[in-house]
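S.K.: Here you go, one structure.
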Amino acid sequence: MRSIIDHLHTLGHRRIVHIAGLPGLAHTERRVAALHAEAARLGLDARDVRSVCTDYSDEQGAEATRRLLATPRPPTAIVYDNDVMAVAGAAVAAGRGVPVPGALSIVAWDDSPLCRVTHPRLTSLVRDTAGFGRLAAQELLSLLDGAPTRRLQAELPHLEHRASTTRAP
């Protein structure tokens, strides 16, 4: 989340909304907390940088986007917790005549092929999910064989800059 918010902040975005997944899930809570921490570190107004929880579906991602774009001060950037919601949000923006990235920058959390075939191509957080799974499986097998527990660091995700983000309007 830090790399995403830093990227958007560098582009001049100050009204950033995170369309999150289900509340109560550990990764959702971590992302929401990281958003708040990074916004505070950068001195951003908490009223303009916030999270909205959904069920991760395209329907709720689209509905959240419709509500946000209809507000008197809509966000200039939206961060979606998955690619499906990001694509649905981009479709809502297009349907309302809100140009991406001219009036709204979009960032997707996962880097599925959807991010690379959508127009504009979506800026996204790239993670090696398969590599993380392999590492976890290897460690579990090692533990089952009697090896001691270890603390490991998987490859950190990185932000892939694409055409869906630009300077804030």
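S.K.: Would you pull out the residues with amide H under 5 Å of Ser124's amide H, same chain only if 5 or more places away, H placed 1.01 Å from N?
M.R.: Residues meeting the amide H criterion: Ala108, Glu160, Arg162.
S.K.: How large a share of the accessible area of segment 1-87, in percent, is made up of carbon and sulfur atoms when the probe is 1.4 Å and the other protein chains stay in place?
M.R.: Summing carbon and sulfur atoms, their accessible area is 56 percent of the total for segment 1-87.
S.K.: If you don't mind, there's one more thing I want to ask. Let me check I've understood the local charge: for Leu44, count other residues with C-beta under 15 angstrom from its C-beta, Lys and Arg +1, Asp and Glu -1. What total comes out?
M.R.: +3
S.K.: Here's something else I'd like to know. With both bridge residues required to lie in the chain, what share of the DSSP beta bridges run antiparallel, to the nearest 5%?
M.R.: So the antiparallel bridges amount to about 15 percent of the total.
S.K.: Please state the relative contact order of the chain as a whole percent: Cα pairs under 8 Å, 6+ residues apart?
M.R.: Relative contact order for the chain comes out at 23 percent.
S.K.: Short version: ³J(HN,Hα) in whole Hz for each residue of segment 51-68, in order, from phi by Karplus 6.51 cos²θ - 1.76 cosθ + 1.60 (θ = phi - 60°), x for Gly and Pro, what are they?
M.R.: For segment 51-68, the Karplus-derived couplings read 10, 10, 8, 9, 9, 6, 7, 5, 4, 6, x, 5, 5, 4, 5, 4, 4, 5 Hz, x marking Gly and Pro.
S.K.: Taking amide hydrogens as modeled 1.01 Å from N in the peptide plane, which residues meet the under 5 Å criterion relative to Val49, leaving out close sequence neighbours?
M.R.: So Val49 has HN proximity to Ile16.
S.K.: Only one of the listed values, [x] 80, 33, 24; [y] 46, 41, 34; [z] 59, 35, 27, was derived from the coordinates as Cα extents along the principal axes in Å; which label is it?
M.R.: Structure-derived value, by its label: [z].
S.K.: Ok, one more. Give a residue-ordered list of calculated ³J(HN,Hα) values for segment 110-120 (Karplus: 6.51 cos²θ - 1.76 cosθ + 1.60, θ = phi - 60°; whole Hz; x for Gly, Pro).
M.R.: 9, 10, 7, x, 3, 5, 9, 10, 7, 10, x
S.K.: Could you order Glu139, Glu155 so the one with the most accessible surface comes first? Probe is 1.4 Å.
M.R.: These residues rank, largest area first, as Glu155, Glu139.
S.K.: For segment 27-113, what log10 I(q)/I(0) values come out of the Debye formula at q = 0.11 1/Å, with one point per alpha carbon and no solvent?
M.R.: -0.29
S.K.: Calculate how many DSSP beta bridges within segment 76-169 are antiparallel, expressed in % of all such bridges and rounded to the nearest 5.
M.R.: 35 percent
S.K.: How much accessible area per residue does segment 1-141 have, counting only protein heavy atoms and a probe of 1.4 Å, in square angstrom?
M.R.: Heavy-atom accessible area per residue stands at 47 Å².
S.K.: Right, here's the next one. Check Asp111: other-chain or 5+ apart residues with amide H under 5 Å from its amide H, H built from backbone geometry?
M.R.: Close amide H contacts, sequence-distant or interchain: Arg127.
The values are calculated or read from the model by the stated rules, or taken from the named source; none is laboratory data. Predicted model, so just to flag it, every value in this text is computed and none were measured. As a convention, Cβ positions derive from the backbone with ideal geometry for all residues, glycine included, and neighbour counts pool all protein chains shown. Side chains are part of the model used for accessible areas, which takes the heavy atoms of the whole protein and leaves out ligands, DNA and RNA. Shrake-Rupley method; radii C 1.70, N 1.55, O 1.52, S 1.80 Å.
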